[in-house]
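The values are calculated or read from the model by the stated rules, or taken from the named source; none is laboratory data. Because the structure is predicted, anything quoted here is derived from the model rather than measured. All Cβ positions, even for glycine, are placed from backbone atoms using ideal geometry, and neighbour counts span all protein chains on display.
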Amino acid sequence: MPDPIRLAVLASGGGSTLQNLIDRIAAGRLAAAIALVIAGRPEIGAADRARAAGLPVEVIDARGFADVDAFSDRVFGAVRAADASLVCLAGWLRLLRVPPDFAGRVLNIHPALLPAFGGRGMYGRRVHEAVIAHGCRLSGCTVHVVDDAYDNGPIILQRACPVAPDDTPESLARRVFCLECDAYPEAIELFRAGRLRVEGRRVVIAPA
Ligand code: GRF
């Protein structure tokens, strides 16, 4: 196993994405260590899951800060203090301003094929509802580099799946989540191995 990369995982919700990373690491299938979990609110499933796994948790609630800059300073201060070299958003709902030393080192996973069905307010069940309402035949997930706008940064990888005629938001969410469980660890491994290079809007993946 190569040297593990130190991750800071930022979560605002139930923590299924965080749990997947915890499980992959425990199974020896992802060369990473979670140095810190930042919970966007105190009473969330993600914080419980992190504590249950014995991980350090810091609650940083955006409501206690004057603006995005002050909030981001606090978040990235904690990330630096934990000596994390990659930040993984995992169901994180707050806008961040990415500081220069973390440009290209913050990733997000979104449960749709961006740039469709992303942006402010597009999270959780709402995404799958919108995909079904629009009559899409395909959905999937996107792992991307985070910039200063919601769901906007350069795309690292995408995985697609069919939308079935009788899908509910829940059944579609389950199908997409299966894709997410492989896609996020895969993108983290590409980053760890130094194989990602951002060129404008495009991410170039170097051969293994
Ligand atoms: C996932 O669908 C992921 O794509 C998104 O948040 C969802 C998971 O939330 N960004 P959580 O990890 O259960 O809180």
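Summary table
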{"item": "Any hit, the range 146-164, residues being of a type in the set (A, V, I, L, M, F, W, C) and part of a helix (DSSP H, G or I)", "result": "no"}
{"item": "Pairs with Cβ under 9 Å, 6+ apart, first in the range 175-200 and farther than 16 Å from Gly15 by Cα, second part of a helix (DSSP H, G or I) and among the aliphatic types (A, V, I, L, M)", "result": "Ile188/Leu21; Leu196/Ala187; Leu196/Leu190"}
{"item": "Selection count, the range 88-136, where residues are surrounded by 15 or more Cβ atoms within 10 Å (Cβ to Cβ), in a helix (DSSP H, G or I) and either within 11 Å of the ligand (Cβ to nearest atom) or touching a residue at least 60 places away in the same chain (Cβ under 8 Å) (or both)", "result": "2"}
{"item": "Residues that are of a type in the set (Val, Ile, Thr) and either more than 18 Å from the chain's Cα centre (by Cα) or closer than 20 Å to Gln19 by Cα (or both), drawn from the range 38-84", "result": "Ile38, Ile44, Val57, Val59, Ile60, Val68, Val79"}
{"item": "Contacts under 8 angstrom Cβ, first residue in the range 1-28 being more than 18 Å from Leu86 (Cα to Cα), partner more than 16 Å from the ligand (Cβ to nearest atom) and modelled with pLDDT of 95 or more, 6 or more apart", "result": "Met1/Gly28; Met1/Ala31"}
{"item": "Residue in the range 50-71 that is crowded, with 17+ Cβ neighbours inside 10 Å, assigned to a helix (DSSP H, G or I) and within 15 Å of the ligand (Cβ to nearest atom) present", "result": "yes"}
